[in-house]
Amino acid sequence: METTTPPQKKIIFSAIQPSGTITLGNYLGALKNWTQLQEEYRCIFALADLHTITVRQEPAVFRRNTLEAYALLLACGVDPQKSPFFIQSQVHTHAELAWILNCYTQFGELSRMTQFKDKSLKHADNINVGLFAYPSLMAADILLYQADLVPVGADQKQHLELARDIAARFNGIYSPTFTIPDPYIPKDGARIMSLQDPTKKMSKSDENPNAWVALLDKPDDIVRKFKRAVTDSEGGVRYAEGKDGVNNLIGIYSCVTGKSCAEIEKEFDGKGYGDFKAAVAEAVTDHLRPIQEEYARLIQDKAYLEQCYTAAAQTALSLSQRTLSKVMKKIGFLPPAKP
Ligand code: ATP
Ligand code: LTN
């Protein structure tokens, strides 16, 4: 009897920085997709803590943020049985390949990165080399796992383009070594806007805490933040050009309830913004409740968390070491010293 091997699943790599509060924007725009992708693809996920130190961190806070972000992502549905989910600094191949890729990346290319320009303005007192070389570390993250697809938001697209260029350059100088990664654009990709200025994206570094909802916000805070959300003076819950605030609330409500825009417009026909905002707040609270409960349980279980990230780091190390060894051999480094 003829046996057929099942087609290899495509590899997805993605990461998020443990740089503070994880918001509803991060969750609906990125993390919710991660959890759905785990069925269809071979997913590898990371907390990009090496990227986080491009901005100065207070050691105790940084340590706590990393562990909390790890627990929160598990609570969101990242399944360590299906997808290795590791902490970048615990897998030394990332820093090593990043250095190598720095030598295949041009100063001019990095100077054109808009995130570097934005962050240099924001942190004018600390424009460090790491901030500049951030994209070659990100390229190393992706290329080490021969990722086919990388789910990223619009803000990271330019970095992914650069990762593709670096990979193609290396392959061209030597021989095919890296898979050229494609961006993964989710079918229902959500871009969640600030509740205070709905023309700007909801961002955890926004100084006004009313602009974002954190995944761990208490129900009362969620209700208050939605109550204060900026809408318009026209009234009427409908999705239309120029109604950025209402469109954003419809988008959020749709993401957490699964209802379509038409269903939502019908549900609130004849009702005012007050009723609508209360319903959005309630739906978000209901959606976040199981995540918050699971988080509260996981954050108490430090031994389990350690077991998960240790196992994932071992898997990530053995996968990434294969690529790094190939790269080093092609460049002409001597073989590793024997112990
Ligand atoms: P910062 O304010 O520090 O720039 P951020 O909240 O914008 O942080 P990032 O850490 O840059 O978030 O992004 C993490 C992931 O979440 C990325 O994949 C990004 O595309 C996604 N993301 C961030 N904000 C939103 C948003 N408002 N809507 C949808 N996706 C988002
Ligand atoms: N720079 C990304 C986080 C990140 C990442 C990656 C995303 C680091 N390495 C590799 C995708 C693939 C951010 O800040 N959102």
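The values are calculated or read from the model by the stated rules, or taken from the named source; none is laboratory data. Everything numeric in this text was worked out from a predicted model, so none of it was measured. Cβ: placed from backbone, ideal geometry, glycine included. Neighbour counts: every protein chain shown. SASA here: full protein model, heavy atoms, side chains in, ligands and nucleic acids out. Shrake-Rupley method; radii C 1.70, N 1.55, O 1.52, S 1.80 Å.
In percent, what relative contact order does the chain have, based on Cα pairs under 8 Å that are 6 or more apart in sequence?
On the way: 463 pairs, mean separation 72.2, N = 339.
Value for the chain: 21 percent.
Excluding same-chain neighbours fewer than eight residues apart, the lysines reachable from residue 157 by a Cα-Cα span under 25 Å are 9, 10, 32, 117, 119, 122, 187, 200, 201, 204.
Rounded to the nearest 10 degrees, what's the angle between the helix 302-331 long axis and the longest principal axis of the chain, both from Cα atoms, 0 to 90? The answer is roughly 50 degrees.
Measure off, as a whole percent, the carbon and sulfur share of the 1.4 Å-probe accessible area of the chain, all protein chains present. The value for the chain is 54 percent carbon and sulfur by accessible area.
Can you tell me which of 297-303, 272-278 comes out highest on packing, and rank the rest after it, using the mean Cβ neighbours within 10 Å?
Numbers: 297-303: 13.0, 272-278: 15.9.
Per-residue mean Cβ counts within 10 Å order the peptides as 272-278, 297-303.
With contacts defined as alpha carbon pairs under 8 Å and 6 or more residues apart, what's the relative contact order of the range 88-230 in percent?
It comes to 18 percent, rounded to a whole number.
Each Lys and Arg Cβ is given +1 and each Asp and Glu Cβ -1; about its Cα centre, the range 1-135 then shows a dipole of about 220 debye. Assuming a ≥ b ≥ c are the square roots of the Cα gyration tensor eigenvalues, decide whether the range 10-108 counts as rounded (a/c under 1.5), prolate (otherwise, with a/b larger than b/c) or oblate. Here the range 10-108 falls in the oblate category.
So with the 1.4 Å probe, I'd like the accessible area per residue for the range 73-151, rounded to whole Å². Each step should come with its number before you reach the end.
Working: 3260 Å² over 79 residues.
Per residue, the range 73-151 has 41 Å² of solvent-accessible surface.
Among residues other than residue 335 with Cβ under 14 Å from its Cβ, the summed charge is +4 (Lys and Arg +1, Asp and Glu -1).
Can you tell me the mean projection area, over all orientations, of the convex hull of the range 76-155's alpha carbons? Units nm², please.
Working: hull surface 28.1 nm².
Reported value for the Cα convex hull: 7.0 nm².
Relative contact order of the range 1-107: 33 percent, from C-alpha pairs under 8 Å at least 6 residues apart in sequence. The angle between the Cα long axis of helix 59-76 and the longest principal axis of the Cα atoms of the chain comes to about 70 degrees, rounded to the nearest 10. Peptide packing: for 288-295, 157-164, 169-176, the average count of neighbouring Cβ atoms within 10 Å per residue gives the ranking 157-164, 288-295, 169-176, highest mean first. A Gaussian network model of the chain, with springs between Cα atoms under 10 Å, assigns the largest mean-square fluctuation among 68, 58, 306 to 58. Between the helical axis of 129-144 and the longest alpha-carbon principal axis of the chain there is an angle of about 80 degrees.
All C-alpha to C-alpha distances of the range 189-339, sorted into 5 Å bins beginning at zero, yield P(r) values of 1, 8, 13, 15, 13, 9, 7, 7, 7, 7, 5, 4, 2, 1, 0, 0 percent in whole numbers.
Express as a percent, rounded to the nearest 5, the fraction of DSSP beta bridges in the chain (both residues included) that run antiparallel.
Just about 15 percent of them are antiparallel.
With contributions of -39500 (n - 2.57) from each DSSP H run of at least four residues, the per-residue ellipticity at 222 nm computed over the chain stands at -16500 deg cm²/dmol.
Rounded, prolate or oblate: which fits the chain, taking a ≥ b ≥ c as square roots of the Cα gyration tensor eigenvalues, rounded meaning a/c under 1.5, else prolate when a/b beats b/c?
Taking the square roots of the gyration eigenvalues as a ≥ b ≥ c, the chain is prolate.
Please work out whether the range 96-235 counts as rounded, prolate or oblate from its C-alpha gyration tensor, where a ≥ b ≥ c are the square roots of the eigenvalues and a/c under 1.5 means rounded, while otherwise a/b larger than b/c means prolate and anything else oblate? Judged from the Cα gyration tensor, the range 96-235 comes out prolate (a/c at least 1.5, a/b above b/c). Going 7 Å from the Cα of residue 221 along its beta-carbon direction, which residues of the range 12-38 have the amide nitrogen within less than 18 Å of the resulting point? 18-28, by backbone N distance to the label point. When you count the other C-beta atoms within 10 angstrom of each residue and take the mean per peptide, 248-259, 104-115 line up highest first as 248-259, 104-115.
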